[in-house]
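The values are calculated or read from the model by the stated rules, or taken from the named source; none is laboratory data. Remember, predicted model here, so these are calculated numbers, not experimental data. When we count neighbours, we look across all protein chains shown, and the Cβ atoms used for this are built from the backbone with ideal geometry, even at glycine.
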């Protein structure tokens, strides 16, 4: 009898997250007693505000420990809607907001609600590592739209228009961008929005780093542009803004039919996020926000210091970013050369040498779509960044 044929399972279409791989490698070294200077991980050094911690403790003491609505408690969805109205000028009903297990989960829910096999999803390069893998897992095809340093790593409306085919369904737009720090302004978004309307495209707008925008104009959401609220899923989270990465609370806002589909997906995957973390997130979104102005100003200074420090290291260049808390570093001058007796073929090799010989963890750009770049974070403490750069310079030399 002939053996049945089987298609490959969805997990076989994707690779492991390189950011998670680096976190694991660093954790293994640290647990073994090795001191590592962490300049590659995307985690702010700001502590979770005390009133947020107090709210979570109160929730525990009140035994707020049962299941909640799959989409999140109503008060949190209403608070997220109010935060979006205040921050991006777009009004949503609580029924159009879905609270998920982090921003990554919210993006997956959005893609699962919008695309299927044989659809195409446009992804500007460089991209956050999970975008193409989530698209592949769902069975759709990622289509990459390259951006370069010449445009400050922002794709143009013409770039997007050239990439559209009859199968194109969604554009993923990440502003401020992880890893490049690129920020799209009003004019650029209006031009891209015109392409999306003309070709009937949805936009999944990842705005997780919106607090960390350093341009005079500030953060602008695609959902705020003409005709785009009805074809945009806005994704944000409490993780970066409030120093709550481990709490795993993200949220998305979308037209009600799409939000409802996202809830359906989530109901079969995770059900509700942690009830305790939701109460903490509610306190974060409804509590004082003024302190974030000082945090943003501090990070704005740090980005300049990191970019200036890179100028003192041979073979590395990186511009001051407009957003996020990363500097996107060109390391292409090292390709074909040797460091500490090891030949460098790309960013992965240089990152490995820096970790092994300088004990500095940086993120290679391969997983972000560029094997000639490194991602360095200035969200680590200033002392950590300063010492890490000194160790990198001692290994690589000066210009």
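Assigned to a loop (DSSP other than H, G, I, E, B), more than 30 Å from residue 290 (Cα to Cα) and outside the structural domain of residue 330 (by TED's automatic domain parsing): does that describe residue 116? Criteria met by residue 116. Just one of (1) outside the structural domain of residue 210 (by TED's automatic domain parsing); (2) modelled with pLDDT of 95 or more fails for residue 352. It is (2). Being modelled with pLDDT of 95 or more, more than 20 Å from residue 155 (Cα to Cα) and surrounded by fewer than 24 Cβ atoms within 10 Å (Cβ to Cβ) is a condition met by no residue of region 197-210.
Summed over region 22-73, residues that are surrounded by 14 or more Cβ atoms within 10 Å (Cβ to Cβ) and under 20 Å from residue 365 (Cα atoms) total 13.
Checking each residue in region 213-257 for being in contact with a strand residue (DSSP E or B) (Cβ under 8 Å, 6 or more places away or on another chain), under 24 Å from residue 197 (Cβ atoms) and assigned to a loop (DSSP other than H, G, I, E, B) picks out 219, 221, 228, 254.
Exactly one residue out of 179, 146, 142 is in contact (Cβ under 8 Å) with a residue 12 or more places away in the chain and either crowded, with 24+ Cβ neighbours inside 10 Å or out of contact with any strand residue (DSSP E or B) (no Cβ under 9 Å at 6 or more places or on another chain) (or both): that is 179.
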